[in-house]
Every structure is written in structure tokens, then in C-alpha cells.
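J.: Supplied in C-alpha cells, the structure appears directly below.
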Amino acid sequence: MGLAIILGGCREDPEPEQMTTPRPVLTRTIQFTEAHQERIFAGRLRAERRSELAFNVGGTVASVAVDVGSLVDENELLIRLDETPFRLRVDRARAALERAEADLDERQYRASVQRELSASGWTPQTALHTAETALNAAEAAVGEARAALRLAERDLANAGLRAPYPGRIAQRLVEPEAEVMPAQTVLIIDGVGDLEIVASVPASIVGHLEIGHAVTAQLGGGPQAIPAILSQIGNREGAGLTVEVVAILLEGSQQARPGAVAELILPMPAFNGITMPPGAVVPSDQPERGYVFVLDREKQIVTRRMVTVRGGRSQSLLITEGLEADDEVVTAGASFLTDGQPAIPLDAR
């Protein structure tokens, strides 16, 4: 019993002195630099608006009013199909409608007569029912004939292919007298205006990109980088584990044409880390985590802080997370410190 009391006293006597006397510590003030690296990827320019034009109907090409490189206005006629078969279909549909309307007039008259006779008791009810059924069928036939006429008129209007917006013809894929099918691409048009660059980048870096990020582009033969902004990031991996990204050029659209080779320059965050001696870090029970002590000069105490430690080497450790600019970190003897312990830097002694 007496030995325990003596040992206990031995442990407690130095503690007040230890906690009240500031301990001299060697420190280092953290300074970060904004470091970035650039990755360059080959790409091609294309118009921000680009359309593959096709007819909604099939037929024989009668005339082509444009060629590759032609500038066109919105709604300008580009290609016309032979309208003869379309006009014949309109005439046939119009004649069918006239016959249906004439039959409807006859059915309306007969139904009216049957209603009068039925009301006077001169005809059986079945005759009235038959007349009204025929009238309903005639009305349906008129509706069907009118719809057929509208479709024929629409096909006639679609025999002319017009520009959806101002642009330049990029490709012409059809010649006069050629037979075309519905939805067959006959022209490709690039809209007049901004250009964009399309490139395939490794899927591994897509996590560092966001739509709206500022990037740059280098046009073939151009001496200066052109500012651009990311507008699209693909959500599927293609060949070679790559993802397609698109950036709109903010300048330089007059310096190049769609299809030209260009380079997309993406700023990537460089690996930021602070190298510390092993004596600055106290290991923890979590992988790649440890503790450092940060000195508060005004309060003259050290505070324990958890940090991420990676890439440790025999002579130093790399701290990648947990520290801020101007933190004053104890660089030696961290394992002998406690959270909140009084301390002063060696340079203040």
C-alpha cells in the first residue's frame, strides 16, 4: 500500500510543472503555391450547330441549288424533288374529297326525308336507322378524304428541302436525277457562328472536369491559345477508355473552319503536398492518416490535427490534406506532445 502511494506521488509531482511550463518546439510555417499542370489532347473543330439534312419523302432529285462551301440563308431552298408525282397525289386526294362530300350531301338528304316519313308514320323505324347509319359512314369518309388531302399537300411542300438556319454547306451527298429515300442524308450544313472543339480524353481525368470550366484551344498553326469553355462531357466510355468532351471557342471562330485539326488544352490540378520529417507526424489507427501539432503563438499552445499522409519515404512524409496556409506545424518530437499543451517556438527563446 505504501509503495503504491509513493509511486503515485512520483507520477503526479512533475505534471503541474510539465503542463504550466511551455515546451520549446521546432516549427515550420506552411506556404501553398497554386500549381497546375496542363494536358493537351488532339481534336477537331466543328460548328456549334450542325445538321444532317434529309427529305421526309422519297423521290427523284430535280435540282440542287447549292454546293460544298455555299453560304445559305434561313429557309433558302437547297434541293427540290420532282413535284409531278406529288401534285398528282394532291389532285387525286382532292377528287376523292369532292366525291365524298357529294355522297355526304346525298346521304344527308335521304336521312332528312326518312326522318319526316318516320315522324308521319309512313315508313318503318328500320328505314330511318339505315339512312342515319349511311349518313354517319358518309361523314367519316369525308373526314378521311380531308386527312388524305392534307397529307398529300404536306408531301408536296416537303418536296423542297430548305435551310433550317443560316450556314455553310459542309457536304453534298446527292446529284440531280438521283433517287432518294425518306430520312436519307443529302446535305450537311454547319451553322454560321461559334465553333467548338471535340476531343477524346482519358476517362481517368473526367472527374477533374466540369461543364463551364475555362479551358483553351490551340488552332493548327496558330501562335496563341484561344479561350474556350467546356460545354459537354460524355457519359459513356468509347474506344481506348476515352470520353468525348466538347468546348466552345470564345474567340477565334473567324480564324478557322469546321473540320480543322486543333488541340484542346485542359488545366489539371497538380499534386499538392507538404513534405515533413517523420518526427512531425504521429501515426493513427486509420490507413494513410496521422496527427500533427499546430502551434498557436498567441495562446502559446499546440493543437492536435488529423492529416492525410501519402507517399511516405524513409527521410520524409508527404502530407496532402489537413493543413492550411500559414499553419505553424511542429516538425520534431510530435509523439511527446499532447493536445492543448503549452509550447513556444525555439526562435522565441
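J.: Give the residues of the range 308-349 that are modelled with pLDDT of 80 or more, assigned to a loop (DSSP other than H, G, I, E, B) and not polar (S, T, N, Q), sorted by residue number.
T.: GLY322, LEU323, GLU324, ALA325, ASP326, ASP327, ALA332, GLY333, LEU337, ASP339, GLY340
J.: Identify all residues within the range 188-212 that are surrounded by fewer than 16 Cβ atoms within 10 Å (Cβ to Cβ) and in contact with a Leu (Cβ under 6 Å, 6 or more places away or on another chain); write none if there are none.
T.: Once the filter is applied, which keeps residues that are surrounded by fewer than 16 Cβ atoms within 10 Å (Cβ to Cβ) and in contact with a Leu (Cβ under 6 Å, 6 or more places away or on another chain), the range 188-212 yields ALA203, ILE211.
J.: Pick out the one residue from THR123, THR216, THR133 that is over 27 Å from the mean Cα position of the chain (by Cα), crowded, with 16+ Cβ neighbours inside 10 Å and among the hydroxyl-bearing types (Ser, Thr, Tyr). Give the derivation first.
T.: Details: THR216 fails: over 27 Å from the mean Cα position of the chain (by Cα); THR133 fails: crowded, with 16+ Cβ neighbours inside 10 Å.
On inspection, the qualifying residue turns out to be THR123.
J.: Just one of the numbered conditions (1) exposed (fewer than 14 other Cβ atoms within 10 Å of the Cβ); (2) more than 20 Å from ARG50 (Cβ to Cβ); (3) assigned by TED's automatic domain parsing to the domain that holds VAL68 is not true of ALA183; which one?
T.: Status for ALA183: all satisfied but (2).
J.: Considering only strands (runs of 3 or more DSSP E) fully contained in the range 164-248, which possess at least 2 residues that are more than 15 Å from ARG44 (Cβ to Cβ)?
T.: On the way: elements: 167-172, 185-191, 195-202, 214-219, 225-233.
It comes to 167-172, 185-191, 214-219, 225-233.
The values are calculated or read from the model by the stated rules, or taken from the named source; none is laboratory data. What you see is a predicted model; the values in this text were computed from it and never measured. Reconstructed Cβ throughout: ideal geometry from the backbone, glycine too, with neighbour counts over all protein chains shown.
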